[in-house]
Amino acid sequence: MVTVNSISGEYIMKVLNLYACLGGNRLKWTDCEVTAVELDPELARMYQERFPNDTVIVGDAVEYLLNNYWKFDLIWFSFPCPSHSRARFWSSKGNPEKVKPVLPDMTLYSLIIFLDNYFDGKWVGENVVPYYKPLIPGVKIGRHLFWSNFIIPNFKSKDADIKEGNIKEWSEFHKVDISSYKGWQRKDKILRNLVHYDTGLHIFNLAKGIHKSNNSNQTTLEL
């Protein structure tokens with residue numbers, strides 16, 4: 001499935017970006033064809049404006065995955081984090097009448113199991129570090145936990161220490177203007193949960209290097 005750019009000679013990976021949000025992970029990816037799936041129409045609109053050459057699908061990520069997963073070289077999913085987050089857990093445990101407790105959405109782990117068994121390409125899953133011991137161990141990078149079928153070496157994240165509600169600083173940190181967003185989600189939470197673009201690039205380059213060397217067992221990396 002991997003093609004080659006006739007000008008740069010680089011491999012062009014077909015990437016599926018699920019729960020794409022504003023594409024924090026995607027910002028620095030190059031030489032790739034990206035299909036992004038996002039349920040929130042406003043976020044999908046803003047993603048398309050940010051990445052006009054990507055194919056953007058407004059719809060359910062799981063449904064699209066099941067119908068199309070074999071068409072891609074790399075699949076990245078950033079599953080919604082509220083039911084797993086420590087912040088919500090602490091708030092609801094301390095004041096359950098104000099912040100209603102919710103059951104952890106096990107779709108997160110269903111995706112990991114499905115991709116690890118069905119998908120022949122490379123895949124990455126991302127979520128916040130949860131309030132419980134992860135049912136499937138992942139790699140911690142900053143505030144995020146990553147799962148993959150390739151090795152992600154230790155990487156120093158550039159996560160920001162910005163107070164909740166400070167949309168201006170979050171926007172500057174992620175290099176995105178969210179002022180036109182008119183959806184139902186809080187803007188500061190959208191920005192806070194984005195994967196930093198350098199982390200996204202680091203992981204993308206690892207996946208691309210493995211693909212280039214055709215090395216599914218990861219005995220070497222070609223970067």
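Annotations
- Checked against the criterion of being of a type outside the set (Ser, Thr, Tyr) and touching a Gly at 6+ places or on another chain (Cβ under 8 Å), the candidates Val99, Val124, Val37 yield just one match: Val37.
- Scanning the range 168-189 for residues that are of a type in the set (S, T, N, Q), farther than 22 Å from Ser83 by Cβ and either in a helix (DSSP H, G or I) or in contact (Cβ under 8 Å) with a residue 60 or more places away in the chain (or both) yields Ser171, Ser180.
- In the range 10-38, residue surrounded by the most Cβ atoms within 10 Å (Cβ to Cβ) [restricted to those that are assigned to a strand (DSSP E or B), among the charged types (D, E, K, R) and free of Cβ contacts under 8 Å to residues at least 60 places away in the same chain]: Glu38
- Positions within the range 190-200 being assigned to a helix (DSSP H, G or I) and either surrounded by fewer than 17 Cβ atoms within 10 Å (Cβ to Cβ) or β-branched (Val, Ile, Thr) (or both), in sequence order: Ile190, Asp198, Thr199
- Looking at the range 73-142, the strands (runs of 3 or more DSSP E) lying wholly inside it that each contain 2 or more residues that are in contact with a strand residue (DSSP E or B) (Cβ under 7 Å, 6 or more places away or on another chain) and touching a residue at least 60 places away in the same chain (Cβ under 8 Å) sit at 74-78, 122-128.
- Annotation: Asn67 fulfils all but one of (1) part of a loop (DSSP other than H, G, I, E, B); (2) over 19 Å from the mean Cα position of the chain (by Cα); (3) more than 24 Å from Glu164 (Cβ to Cβ); (4) not hydrophobic (A, V, I, L, M, F, W, C); the unmet one is (1).
- Residues in the range 47-92 that are buried (at least 18 other Cβ atoms within 10 Å of the Cβ), among the charged types (D, E, K, R) and more than 26 Å from Tyr11 (Cα to Cα): Arg88 only.
- Lone unmet requirement of (1) in contact with a strand residue (DSSP E or B) (Cβ under 8 Å, 6 or more places away or on another chain); (2) assigned to a helix (DSSP H, G or I); (3) open to solvent by 20 Å² or more (accessible area, probe 1.4 Å) for Ala44: (3)
- For the range 99-121, the criterion of being touching a helix residue (DSSP H, G or I) at 6+ places or on another chain (Cβ under 9 Å), farther than 22 Å from Ala160 by Cβ, of a type in the set (Lys, Arg) and crowded, with 16+ Cβ neighbours inside 10 Å is satisfied by no residue at all.
- Complete set of residues in the range 146-193 that are farther than 24 Å from Ala44 by Cα and either at pLDDT 85 or above or of a type in the set (Phe, Trp, Tyr) (or both): Trp147, Ser148, Asn149, Phe150, Ile151, Ile152, Pro153, Phe155
The values are calculated or read from the model by the stated rules, or taken from the named source; none is laboratory data. Since the structure is predicted, the reported quantities are computational estimates derived from the model, not experimental observations. Methodologically, a virtual Cβ is constructed for each residue, glycine included, from the backbone with ideal geometry; neighbour enumeration extends over all protein chains shown. Note: areas computed on protein heavy atoms with side chains; ligands, DNA, RNA excluded. Shrake-Rupley method; radii C 1.70, N 1.55, O 1.52, S 1.80 Å.
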